[in-house]
Amino acid sequence: MTPPPILLISYTPFYIFTTTFSVVAVTAKTLKSLTLSSEYDFGFFRYNMPAKDGGSDKEKCLDLFLKIGLDERTARNTVANNKVTANLTSVINEAGVTDGCSRTVGNLLYTVATKYPANALPHRPTLLQYIVSSKVKTTAQLDAALSFLATTGLENLDSKTFEEACGVGVEVSTEDIKQAVSEVVEENKSTILELRYRTNVGELLGHVRKRLPWGDAKVAKQLVDAKLYELLGDRTAADDEKPSKKKKEKPAKVEDKAPVATPEKSPEEDINPYLIFPNPVENFKVHTEVPFSDGSILRCCNTRALLDKHLKATGGKVLTRFPPEPNGYLHIGHAKAMFIDFGLAKDRDGGCYLRYDDTNPEAEKKEYIDHIEEIVQWMGWKPFKITYTSDYFQELYELAVELIKKGHAYVDHQTPDEIKEYREKKMNSPWRDRPISESLKLFEDMKNGLVEEGKATLRMKQDMQSDNYNMYDLIAYRIKFTPHPHAGDKWCIYPSYDYAHCIVDSLENITHSLCTLEFETRRASYYWLLHALGIYQPYVWEYSRLNVSNTVMSKRKLNRLVTEKWVDGWDDPRLMTLAGLRRRGMSPTAINAFVRGIGITRSDGTLISIERLEYHVREELNRTAPRAMVVLHPLKVVITNLETNPVIEVDAKIWPDAKADDASAFYKIPFSNVVYIEHSDFRMQDSKDYYGLAPGKSAILRYAFPIKCTEVILADDNETILEIRAEYDPSKKTKPKGVLHWVPQPSPGVDPLKVEVRLFERLFLSENPAELDNWLGDLNPNSKVIIPDAYGVSSLRNAKVGDNFQFERLGYFVVDRDSTPEKLVFNRTVTLKDSYSKGGK
């Protein structure tokens, strides 16, 4: 079947271009009379860039730009940019103002040259005539026109609707604007008088624009300024002072409250992060530009027919995909990817595929596949469908054959080293131009196992002289005589990521293909391939990777940490794997709140402090984790004025805001004559800034009574403290400042509940260990401290794996899976201290 001719638009007098496709070449003059029909493939526009200018050509362009009223600085900056220069030169020629025009018209032409939607190029001459004839004469009108044309795309232009959309023929006088300004100022008078010259003028102008969308913005600004002066008079020194920030009053210390700060929500968390993404019906616009070394540019977009077919298949719903490679455990960076992929689909009432990118049979393991599915569900996401790239191996093979037939792929025999060398030198492979029939036969031989592994690859015929190394004839297929975990032993050739990823996106009718910024340079190859095959093209958008401090997240480094046993497996609580964070006691709710707070941005390279994650975890646990008391390093205290029997019971709060009449909000603690406090809460030498226990000094046992140290029992070395003796104040008249957590003997002569506590710190000492050559040398030797013989209150005895607690004065902890019926193990999730809300990044 002969492909439809491709419209090539040239705005230069002479046009020379060679291609394997049928070509229709038109100039600006003939473009106006061109009748659009299905005979032309508007899937992309490809046009020639002007030849690289010499000095004289640049001077000619500069002179031309000055003639249309651009100031000299703007004109020179434009000449320095070949792309804008080409566009603006074409626009000036189309508009027929090579001899010059007014500055107002010139500025509008410049806007057209820099902002015109490429998917509507055939309508550009029409817009230019509106500008030159002063029917479109303001920036507001032009912005509306550009928006209208972007939506119209290649469809026939309805001039009546167009003129209504951009205010053609609507005259707004200065008197009209003056009246609108007066009304807006009067409506906001009280606020203006209060704020004076700190009033948000932009907001006032916005109200004026709502009344008169086609009014002159400059005139409106002048009239607003004049009206403010009329109302307020001259500026005073006070008007120029920055408003002073009110100091927050320090809250009084409340004994029962845990020291957890609760700052206001960040604005990012209140904004819908998915508003930046277009709707599927808009997916006919130009996706990207692919510049070629011959100076031409490929502008890829969907034809109306392709988009209509796609929308019919999807019902217009958003379809995204989360495509992990099953060669390792997911980490917190994948949490961001899930939040974007699954979150966008959920926000738009669509669906998100969980697609395993299993093109490499040597790297995939069932362990990783099972883990990924489990973690996705744990994170709160439900896949629309679970698929594998290998599900499409037959379709991918057939499309590869089609690509060869179209002259866009060839079988190559270069070794990996030769391919690398030729790419570095931007040289074509000696097999690049072999006959199509030869490549077809060889590719079939590869499929049938008749070619040795490493002796041939299928490469895409892209552009070896491009400035983008991802256009250097990327490999589409390799030979691997390895059975596939999912597809079995049917195949001995396997597609590459660069070949398979975009095609499967198209086959699954993905509307938004979202990935991290390191894939941005692959966008050219992504669209080149889909265009070459003539299939539907999803909308591609890249976002910044999530980089968290004091850790590494590359799969290679994580794999090395695990396999070389620097950590205790993929779910080690010190790792930023999602399994590790779960084992540490962090919830998917807190992780998703952390990701949402960061936002969906393209500012790559930002290192997010781990304290920001800990803040969100602490915020949630402060609300949800019941309180208990544990002593890490027990010091025995014998209360000499308390009899062994009967034991006094005191009520301890499970929740800090517990109401006195709610029995379920408390747990009982026996106050016996033997209790245990932290070793660090006792000193032999007292000081003014110390609130713990010391000889002759008092402190309060939390929820119980004040005690006063009366005697210290030392070991034979006369230094080691074995126990202390104290007296308690049953009347509670003593009011010491220090409050200590403690654990009692549950009954005379019986030790408290013995538990193991694991304290985790940053895995690496440096904020960004990935930058270091010897990154393993930066491992924190104290990142894990095990305390095998801590004491806990009896209420912890029935705790289950995964239960969270706040151990008062110590932090938040979770029951670890290493726990046994004989001994509980607790992992510290985060400390109580929160440095992020106090100014951390």
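Side notes on the structure shown:
- Failed condition for THR710, given (1) part of a loop (DSSP other than H, G, I, E, B); (2) over 55 Å from the mean Cα position of the chain (by Cα): (1)
- When ILE503 is tested against (1) surrounded by fewer than 21 Cβ atoms within 10 Å (Cβ to Cβ); (2) aliphatic (A, V, I, L, M); (3) under 26 Å from CYS301 (Cα atoms), just one condition goes unmet, and that condition is (1).
- Of all residues in the stretch 182-197, none satisfies being surrounded by fewer than 13 Cβ atoms within 10 Å (Cβ to Cβ) and in a loop (DSSP other than H, G, I, E, B).
- Residue within the stretch 757-767 that is crowded, with 17+ Cβ neighbours inside 10 Å, modelled with pLDDT of 95 or more and more than 25 Å from ARG612 (Cβ to Cβ) present: yes
- Residue ID - modelled with the highest pLDDT, chosen from residues in the stretch 637-662 that are touching a helix residue (DSSP H, G or I) at 6+ places or on another chain (Cβ under 9 Å) and open to solvent by 80 Å² or more (accessible area, probe 1.4 Å): TRP655
- Matching residues, the stretch 63-85, being more than 21 Å from TYR130 (Cβ to Cβ), open to solvent by 10 Å² or more (accessible area, probe 1.4 Å) and not β-branched (Val, Ile, Thr): ASP63, LEU64, LEU66, ASP71, GLU72, ARG73, ARG76, ASN77, ALA80, ASN81, ASN82, LYS83
- Filtered by the rule that a residue be surrounded by fewer than 19 Cβ atoms within 10 Å (Cβ to Cβ), aliphatic (A, V, I, L, M) and assigned to a loop (DSSP other than H, G, I, E, B), the stretch 280-300 gives no residues.
- Comparison of GLY100, GLY96 shows that the only residue that is farther than 29 Å from GLU289 by Cα and open to solvent by 20 Å² or more (accessible area, probe 1.4 Å) is GLY100.
- In the stretch 312-334, the residue that is most open to solvent (accessible area, probe 1.4 Å) out of those that are under 27 Å from the mean Cα position of the chain (by Cα) and among the aliphatic types (A, V, I, L, M) is LEU319.
- Residues of the stretch 684-709 that are on the phi > 0 side of the Ramachandran plot and surrounded by fewer than 18 Cβ atoms within 10 Å (Cβ to Cβ): GLY696 alone.
- Residue in the stretch 310-328 that is without any contact (Cβ under 8 Å) to a residue 12 or more places away in the chain and closer than 30 Å to MET471 by Cα present: no
- Here ASP489 fulfils each of the conditions (1) closer than 27 Å to PHE384 by Cβ; (2) surrounded by fewer than 17 Cβ atoms within 10 Å (Cβ to Cβ) apart from (1).
- Scope the stretch 76-122; condition touching a residue at least 24 places away in the same chain (Cβ under 8 Å) and basic (Lys, Arg); matching residues: LYS83, ARG103, LYS115
- Residue in the stretch 671-683 that is surrounded by fewer than 16 Cβ atoms within 10 Å (Cβ to Cβ), at pLDDT 95 or above and part of a strand (DSSP E or B) present: no
- Pairs where the first residue, in the stretch 737-750, is within 20 Å of ARG683 (Cβ to Cβ) and in a loop (DSSP other than H, G, I, E, B) and the second is open to solvent by 20 Å² or more (accessible area, probe 1.4 Å) and of a type in the set (Val, Ile, Thr), C-beta under 8 Å, 6+ apart: GLY738/ILE700
- Criterion: more than 19 Å from ASP778 (Cβ to Cβ) and open to solvent by less than 20 Å² (accessible area, probe 1.4 Å) - qualifying residue of GLY599, GLY580: GLY599
- The residue of the stretch 361-417 that is most open to solvent (accessible area, probe 1.4 Å), among those that are farther than 23 Å from TRP570 by Cα and in contact with a Cys (Cβ under 8 Å, 6 or more places away or on another chain), is PHE384.
- Take the conditions (1) open to solvent by less than 10 Å² (accessible area, probe 1.4 Å); (2) at positive phi; ILE340 misses just one of them, which is (2).
- Matching residues in the stretch 51-76 - criterion: being acidic (Asp, Glu) and in a helix (DSSP H, G or I): ASP57, GLU59, ASP63, GLU72
- Restricted to the stretch 77-157, the set of helices (runs of 4 or more DSSP H) holding at least 3 residues that are within 24 Å of LYS60 (Cβ to Cβ) comprises 82-95, 103-115, 124-132.
- The stretch 117-129, residues that are of a type outside the set (Gly, Ala, Ser) and open to solvent by less than 30 Å² (accessible area, probe 1.4 Å): PRO117, ASN119, LEU121, PRO122, HIS123, ARG124, PRO125, LEU127, LEU128
- Unmet requirement for HIS633, which otherwise passes all of (1) in contact with a His (Cβ under 8 Å, 6 or more places away or on another chain); (2) buried (at least 18 other Cβ atoms within 10 Å of the Cβ): (2)
- Residues located in the stretch 529-577, provided they are open to solvent by 40 Å² or more (accessible area, probe 1.4 Å) and over 26 Å from THR606 (Cβ atoms): GLY534, THR563, GLU564, LYS565, TRP566, ASP568
- A single entry from ASN798, ASN782 fulfils the requirement of being surrounded by fewer than 17 Cβ atoms within 10 Å (Cβ to Cβ) and over 33 Å from the mean Cα position of the chain (by Cα): ASN798.
- Hits in the stretch 617-628 (condition: out of contact with any strand residue (DSSP E or B) (no Cβ under 9 Å at 6 or more places or on another chain) and either open to solvent by less than 20 Å² (accessible area, probe 1.4 Å) or touching a residue at least 60 places away in the same chain (Cβ under 8 Å) (or both)): GLU619
- Candidate set from the stretch 511-528 (those that are over 12 Å from VAL290 (Cβ atoms) and among the aliphatic types (A, V, I, L, M)); member that is surrounded by the most Cβ atoms within 10 Å (Cβ to Cβ): LEU514
- Qualifying residue in the stretch 800-815 (condition: of a type in the set (Ser, Thr, Tyr) and not in a strand (DSSP E or B)): no
- Scanning the stretch 216-228 for residues that are out of contact with any Ser or Thr (no Cβ under 8 Å at 6 or more places or on another chain) and modelled with pLDDT under 85 yields a count of 1.
- Summed over the stretch 435-475, the residues that are among the hydrophobic types (A, V, I, L, M, F, W, C), more than 17 Å from GLU421 (Cβ to Cβ) and within 39 Å of the chain's Cα centre (by Cα) give a count of 4.
- Qualifying residues in the stretch 138-148 (those that are modelled with pLDDT of 85 or more and closer than 17 Å to ALA118 by Cβ) - the one nearest to the chain's Cα centre (by Cα): LEU146
The values are calculated or read from the model by the stated rules, or taken from the named source; none is laboratory data. All values derive from a computational prediction rather than experimental measurement. In this analysis, Cβ positions are derived from the backbone assuming ideal geometry, glycine residues included, and neighbour counts consider all displayed protein chains. Just so you know, the surface numbers come from the protein's heavy atoms only, side chains and all, with ligands and any DNA or RNA stripped out. Shrake-Rupley method; radii C 1.70, N 1.55, O 1.52, S 1.80 Å.
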